[in-house]
Each structure stands twice: as structure tokens, then as C-alpha cells.
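Here is the structure we will look at, set down as C-alpha cells.
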Amino acid sequence: MYDILLIAGFGLLAAWSLFFLANRDLLLRLWREPTLLRPVLIVESDDWGPGPEADAQALQRIAAILARVRDREHRPAVMTLGVVLGKPDGAAILADDCGHYHRSGLGEARYAPIVGAMRQGCEMGVFALQRHGLEHCWPESLLVRARQDGVLRAWLADPEARSEALPSALQSRWVDAGTLPSRPLPDAEVRRAVMDEAEVFLTLFGICPPVAVPNTFVWDDAVERAWAQSGVRCVVTCGRQYQARGADGALAATARRIVNGESGQSGVRYLVRDAYFEPIRGHRAEQVWDAVARRTALGRPTLLETHRESFIDADHGDTALAELERALAGVVERHPDVCFISTERLADAYADRQHALWQHCMRARSVTFLRRLLAEAGLSRPLKLCGLYFVLPMAVRLLAAVTPSAAGRH
């Protein structure tokens, strides 16, 4: 009997050793990812740019909601605006028979109310601008596709057309998706496009945002280098880096995994946005509360992805605004120590090992690390095969029982 137990014990140790060796890189990433002491919530909203004056009114209503909800330091809730600085001038492009690209820019007088609403929200401390491209496509890719796609030409002919209605592959600005599979863009063209974007930001807002959000989370090292050279310090990701579109237009598979606080080769710092709030698709406040609770347990911030379309939709805009306020108020009620800051400030916090948001207690970090292992989808099967899937929850409970709560340390 003793021999059987000894063999079984050695078998388990061997299985656990194989698990740690096979997943060493990911485990190190999860351990090195800083653990936050407090819940952090940032609403991240993309695609704001040229549009009707009603968009400015939507931004003003959002700003008023954000200003009403405060954390314990009396900071208002923050929504980042992924700003698209222009859109294709469809009429001019069609008049040119898709031979040359023409842009309608956010600096035109007709878009002044939108720019004004963005500036006002920034002054109130409730909006923070992010780079999301001069347009939500690569111009030459759009022209190539439009020359042979009647549906796309019809989109260009519609003066009310929104970038959200473009084919998904074309919305990936930082690849050439004129034909599929996509191809990388020339480095020189990437650098020029990034610098043009920075110049327009400076002209319109007097600042060049240090945070970039890759359109559809597709970008490569050349784009990242150009961003870094133009002042970008933080890139918002979905936890993966996609670099291409496949033959079917879908995001090409990638093995690169990203965690909060990692730095790229160009020195930019990555943050992960992997929670979603799209009222136009039926999302409600309860899903936000659940997202914040789950990420707080993992020592991570909640970067809540949403888009312009939820708030400008004629049928769902009011519902979206109501759910946004209910979601934020509910988070404050459930997490009185929640922290409202911008993505830029959060990136700075990740860069500062002495920042007040960091958890330094080794036992508390160990609890969080084990929870991250159990929550990692790609580790579920290996954990079950080696038996750790059933052991780790007990270890978490034991460690958590003797770990002082964050609330007790404040």
C-alpha cells in the first residue's frame, strides 16, 4: 500500500513538473503581471469622429452621466474616446471613379460641435482622447475594393455612411486588406500616416494622445515603432496581437499573448481590454458588475469596451445611456474602493513599482496568481490532466483565509 501511494505521489509530482515546464512562459507572464490592490474601471469607447450634430449631443449626455458618478477620491468616472479623425469623402472618391482617395476631416466646420463636445468632456475630466486612426480603414485598400465592389460603392454614395458598416477586414487600418489575405504596409507609409494623425490631433486638440488603440486590434512592429516615435506610451490590446487578416477576412491566428503592464520592443506599455458593454447588442449593467468582480478577483483592471454606435442609435441610444449610468452607480455601490482613472494614468501606474495601486504582499499575490491560472482558458485542459485543477482551489481558499483583505490595509 505504501509503495502504491509513493508511486502515485511521484506520478503527481512528475505531472505537475511537466505542466510547469510546458507552460513556463505563460506562467511567468501571469506571475509578473502586477496585481492591483483596488478595483479599477475605465469605460473605453471607440469610433468617435465625423458625424451629425446629434453625435455631439450624445457625447454631452455621456459626459453629464460620468460627472455624476464619483469614486471615493471624488474623481468622476472616465470614458476614453478612440477618436477617428476623418472618414472617406465618398462623393469625391466616386466623382474621381475611385482613382484617388479624398478625406472628410474632423476639422471641418460642420463637425465643430463634435470637437467642442470632446474638448468640453476633457476639461471636465470625464473624457480622455486616444488615437484610433485618421480613418477606420487604410485608404488605398478601400479604393481597391471599391473599384470592384458595388456594395462598397453604395456605401461611399451614402452621405450618412458610418465606418462601422464597412466590411470587417477593411476596418483593420494597419494592414493592406485591398485583397485577401492581407499584406503588411510599407514602413514609410505607416510612419507618414502616424505622423499625419499626430499633426491633426495637435491642430484640433492641442495635444497628441499617448495612448493608441489599434483598429480591430491589428498592428505590427512597424506600426508600434512609428507610434512610439510620435509619443505613444501605451497600446490598448485585447490580450492578443493580431497582425493580419486571412483569406476569409477573419483575424489571422496568432500565438502572441499579452498581459497588463508588459512592454513591447519599442518601449510602449500594453494594457488589456477584454470586457464588453454594447447595449445595442443587449448588454446590461449586470454584465458590467460581473466583469468588474471577476477582474478584481484576478488583480486586474476592467477596461470596458464599447462603441459609438451604442449611444447614437435612434432606437437604443437612450437605453444605452441609462444602462451606462446604472452600471457605473452599481459598481460604486458594490466596490466602494473602486478607482476611476484614465488609461494613460493606469499605464503610468503599471510603470511605477511603488504606485499605491500595486499589491506587494507576497501571499496575496500568490492567491491572485493561482486564481489567474484557474481562469486561463488555455490552461483548463492541462490543469485537469495533471490534477492541479482540483488541488488549486483548495490552495486558494487556504491562502485567502490567512491573507489580510485590501480593505483592512487602508
Would you confirm, using the coordinates I've provided, whether G261 is buried (at least 16 other Cβ atoms within 10 Å of the Cβ) and either touching a residue at least 40 places away in the same chain (Cβ under 8 Å) or within 28 Å of D313 (Cβ to Cβ) (or both)?
yes
T216 passes all but one of (1) closer than 26 Å to S310 by Cβ; (2) open to solvent by 50 Å² or more (accessible area, probe 1.4 Å); (3) modelled with pLDDT of 95 or more; which number fails?
(2)
So, in the range 302-350, exactly how many residues are at pLDDT below 95 and closer than 22 Å to V232 by Cβ?
0
Restricting the search to the range 150-198, which residues are more than 17 Å from A247 (Cα to Cα), charged (D, E, K, R) and without any contact (Cβ under 8 Å) to a residue 40 or more places away in the chain?
D187, E189, R191, R192
Would you check if Q265 is modelled with pLDDT under 95 and more than 19 Å from V84 (Cβ to Cβ)?
yes
Counting only residues that are more than 22 Å from the chain's Cα centre (by Cα) and buried (at least 16 other Cβ atoms within 10 Å of the Cβ), how many does the range 336-353 have?
0
When you check E140 against the structure, is it out of contact with any helix residue (DSSP H, G or I) (no Cβ under 7 Å at 6 or more places or on another chain), charged (D, E, K, R) and part of a helix (DSSP H, G or I), yes or no?
yes
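Conditions (1) under 13 Å from P279 (Cβ atoms); (2) open to solvent by 10 Å² or more (accessible area, probe 1.4 Å), marked per residue:
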{"position": "A293", "(1), (2)": "no, yes"}
{"position": "T302", "(1), (2)": "no, no"}
{"position": "T319", "(1), (2)": "yes, yes"}
{"position": "L324", "(1), (2)": "yes, no"}
{"position": "A329", "(1), (2)": "no, yes"}
Can you pull out the helices (runs of 4 or more DSSP H) entirely within the range 254-340 that have at least 1 residues that are touching a helix residue (DSSP H, G or I) at 6+ places or on another chain (Cβ under 7 Å) and acidic (D, E)?
308-312, 317-334
Inter-residue pairs, beta-carbon under 6 Å, first without any contact (Cβ under 8 Å) to a residue 60 or more places away in the chain and in the range 308-334, second open to solvent by 50 Å² or more (accessible area, probe 1.4 Å), 6+ apart:
E323/R284
Of all residues in the range 118-137, which are in a helix (DSSP H, G or I) and under 23 Å from D313 (Cβ atoms)?
M118, Q120, G121
Search result, residues across the range 171-209 that are part of a loop (DSSP other than H, G, I, E, B), among the β-branched types (V, I, T) and crowded, with 17+ Cβ neighbours inside 10 Å
V175
Whether any residue in the range 142-160 is open to solvent by less than 40 Å² (accessible area, probe 1.4 Å) and either closer than 27 Å to V43 by Cα or under 18 Å from the mean Cα position of the chain (by Cα) (or both) is what I want to check.
no
When residues of the range 103-132 are limited to those that are within 21 Å of I93 (Cβ to Cβ) and among the basic types (K, R), the one most open to solvent (accessible area, probe 1.4 Å)
R110
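The values are calculated or read from the model by the stated rules, or taken from the named source; none is laboratory data. The shown structure was predicted, so the numbers you read here are calculated from the model rather than taken from an experiment. All Cβ positions, glycine included, derive from the backbone under ideal geometry; neighbour counts span all protein chains shown. Remember, those area values only see protein heavy atoms, side chains included, never the ligands or the DNA or RNA. Shrake-Rupley method; radii C 1.70, N 1.55, O 1.52, S 1.80 Å.
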